[in-house]
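Read the structure below first, then the notes.
Every number in this text was worked out from the coordinates using simple rules, so none of it is lab data. Not measured: the values here are computed from a predicted model. FYI the Cβ positions are ideal-geometry reconstructions off the backbone, even for glycines, and counts take in every protein chain you see.
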Amino acid sequence: MKPIRQTIHFDKKIIDKDAKKVVKTLNKAGYEAYLVGGCIRDLLLGHKPKDFDIATSATPEQVHKIFKRSRLIGRRFRLVHIMFSSRKYIEVATFRSGKVKTAGNGVIVRDNLYGTLKEDVFRRDFSVNALYYDIQNSQVIDYVDGLEALYNSEIRMIGNPVERFKEDPVRMIRAIRFKVKLEATIDPKISRTISNQAYLLANIPAARLYDECIKLFHNENAYEVFEQLLKYGLLNYLFPQTEETSFINKTLLNTSKRIKNDKPVTPVFLFAVFLWGAQNKRFNELNKNKKSRFLIMTQASEDVIRKQTEQVLMPRWLSARVKDIWLMQNQLENCSIKKAKELIGHPRFRMAYDFLVLRSESINPELAERAKYWTKLQQ
């Protein structure tokens, strides 16, 4: 099978200069190297990519040797991160062969057998993500009709969806994210398979799902993503204690608005909102024992967080801040003027205040006056 090679001259200012430098350095050392995946997809759609990934014929060890400021990462997938600053790196992956090591349930546990460019194409998930760009010749290389799928706004799987999702269930989440991001249709085979195999997400390490959740909801389409996860039965394997509420919907719309306006967002707020209903439910169960409100709130918070981390990791710094937001809600609702001035100085006050405001605008309209009180107090 010969690939389509389409000559496309992208604006040189849009392609990251460090990514170009990495490709040219690898080419000069005698290796194949191409820009690949999401960055090519975004360039073709006229968007500025956030990240530039590279695929190469060089092994991770060979790449690491060429670039002194680099580090080897990963066990399941061996990658190289080439550092350009404390916050910026270019990710380089070696072409992979079609051979993988799987566990008894079919999930890939090792994928470090290296191959050719063509083999690497067919190891990728969706055709829109399997486009390579040859910088030297200004050509997009397409083995799987990815250009056609992209221009038709279609999410097509490379290979059999049943097997590909079994190999890596996270691909189901990615399908939803790309569907929403690209405003695309999903191949009916993919849709049916996701609905039937959502349970496979239970096999994925909690730490990996944490990273995926950030990608799912920290974007301009967070609300639409949430709706699709509900539709396909995937939300239950990410946030099993979460049910749709106007509070969640309002928060996701607000998150998208903040991102559009280049304002900061944090996963702390996301987890606090998603788990607030479960926290209240657990509090009411424990409150029958008539202990102090603070102790019951603390116990309820810890129980809900513990259950959540069985599915999706909550780093300690994150869970501690989520608890602070929850515990401060009662203070924001009831404290005196003297205590109020002290509370404003709390490092988590702003998040707790925003949380209260969104509650007042959704599930707790009776808190509207209290929210106004705190708004005035800060002026």
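Descriptive notes on the structure:
- Principal-axis analysis of the Cα atoms of the chain puts helix 276-286 at an angle of about 50° to the longest axis.
- Dipole magnitude for the chain: about 1220 debye, using +1 per Lys or Arg Cβ and -1 per Asp or Glu Cβ, origin at the Cα centre.
- Dipole orientation for the chain: of the candidates Gln379, Val265, Val170, Gln379 has the Cα lying most toward the positive pole (charges on Cβ; Lys, Arg +1; Asp, Glu -1).
- Oblate is the label for the stretch 255-377, because a/c, from the alpha-carbon gyration tensor with a ≥ b ≥ c as root eigenvalues, is 1.5 or above and a/b does not exceed b/c.
- Cross-link table Lys20/Lys263; Lys215/Lys260; Lys339/Lys376; Lys231/Lys323; Lys48/Lys260, entries beyond 18 Å C-alpha to C-alpha: Lys20/Lys263; Lys231/Lys323
- Residues Gln299 and Lys48, FRET efficiency given R0 of 41 Å [Cβ-Cβ distance, rounded to 0.05]: 0.30
- Stretching the chain fully between Arg192 and Ser362 yields a gain of 57.8 nm (0.36 nm per residue, less the alpha carbon separation).
- Derived scalar couplings ³J(HN,Hα) [the stretch 56-62; Karplus, 6.51 cos²θ - 1.76 cosθ + 1.60; whole Hz; x for Gly, Pro]: 8, 7, 6, 6, x, 5, 5
- Placing +1 on the Cβ of every Lys and Arg and -1 on the Cβ of every Asp and Glu, with nothing else charged, gives the stretch 4-151 a dipole about its Cα centre of roughly 780 debye.
- About the Cα centre, charge dipole magnitude for the stretch 255-377 (Lys/Arg +1, Asp/Glu -1 at Cβ), debye: 200 debye
- Residues in the stretch 353-368 reached by a label modelled at Gln331 [backbone nitrogen below 15 Å; 7 Å Cα→Cβ]: 353-356
- Listed values (1) 133; (2) 146; (3) 161 include one computed from this model; for volume of the Cα convex hull per residue in Å³ that value carries the label (3).
- Each residue, Lys21 and Tyr151, gets one label point 7 Å from its Cα in the Cβ direction; the gap between the two is 3.5 nm.
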